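What follows is a short report on a single structure.
Just so it is clear, none of the values below were taken in a lab; they were calculated from the coordinates. Bear in mind that the values here come from a model prediction, so they are computed numbers and not experimental data. In this analysis, Cβ positions are derived from the backbone assuming ideal geometry, glycine residues included, and neighbour counts consider all displayed protein chains.
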Amino acid sequence: MANMPPIDPNVDPYGYVGIVKNSDGSITRATDFFQSSPACSEPNLPVISKDIPINPARNTWARLYLPKQYCDSNPKVKIPLLVYYHGGGFVIGSAAYSKLHDFTSDLACYIPAIVVSVEYRLAPEHRLPAAYDDGIEALHWIRTAKVEWLTEFADFSRCFLMGESAGGNLTYHVGLRAASCGGDLSPLKIRGLVLQQPYFGGVKRTESEVRLAKDEILPIAVNDITWEMALPLGVDRDHKYSNPRVDVEAEAFEKMKGQKDLVRLLEEYGVQVVGRFDEGGCHGIDLFDKSRSKIVAHFLADFFGFSV
């Protein structure tokens, strides 16, 4: 998630994620908490990237990644489109975060695919469902934006949504919304969802929450305060935004058949699912262990049948 400061999360979980909670209920963010990387279009790089506004009024934007080998292809080769939502408990994180920038750049290179990494609004300044609103707005922007990298290289008929941690939760809810949109997203066709260590939970602790109570990235005290800041005021973790077993809409799942996302719950509703579980590590390990990006990318390429 970040270069963690030497703060005990059990004593000061807010400080642990670079936040000061003020007496009036507002927060102050540490401006240097995350190490960011700029987009880069140097011609010697295997993947080039650039930032483009989505909704200036909301200060949302996207970082696009294009494998350099396709820039000079003639005729232009269409490659799959992967829309990525970053993690951070809906409270912290950015598409510009250095480790995420490296990870998504690697995905674009190894799959290969056009990657659109979405910068959405954060809580508590913008509580859920603001992030979901931004996530679906990004899809509408992608299908209509006159951006050369998208219009020239992206295969809109092979679009996949992916997110890590809170981004996995966001992918899940955006996927449900997209399923109910029907033809409104045309020509964008969402073929599958990838939920990478998705961020869900209820009032009752899950087995994994108890087992990973002292996780080096997401200890349970931090888990509690991020949900507190992210969920709408006055609700607990047994809300449909955090607990997918609450207020499940069977009709929405029916529309999602053929997509690939969560495991047990979706299987109960007849959704085609492929699950992969690795033992050990920590929350967000795919971002922190450089060796895993190629493993994840190759899994995705095979999983989705990505071929050029």
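General observations
- Among the GluC sites (Glu not before Pro) in the range 79-185, those located in a DSSP loop and surrounded by at most 13 other Cβ atoms within 10 Å of their own Cβ are Glu125.
- Listed by Cβ neighbour count within 10 Å, with the fewest neighbours leading, His101, His140, His86 appear as His140, His101, His86.
- Glu207 paired with Asp72, simple spin-label distance in nm, labels 7 Å along Cα-to-beta-carbon: 5.4 nm
- Within the range 108-244, the percentage of alpha carbon pairs spaced more than 22 angstrom apart rounds to 43%.
- For the range 43-143, alpha-carbon Rg relative to the globular expectation (2.2 N^0.38 Å, N residues): 1.12
- Divide the volume of the convex hull around the Cα atoms of the range 1-97 by the residue count and you get 139 Å³ per residue.
- Two-decimal ratio, the range 157-204, of alpha-carbon radius of gyration to 2.2 N^0.38 Å: 1.25
- For the range 84-163, the gyration tensor built on C-alpha atoms gives an oblate shape. Its axis ratio a/c (a ≥ b ≥ c) is at least 1.5, and a/b is not larger than b/c.
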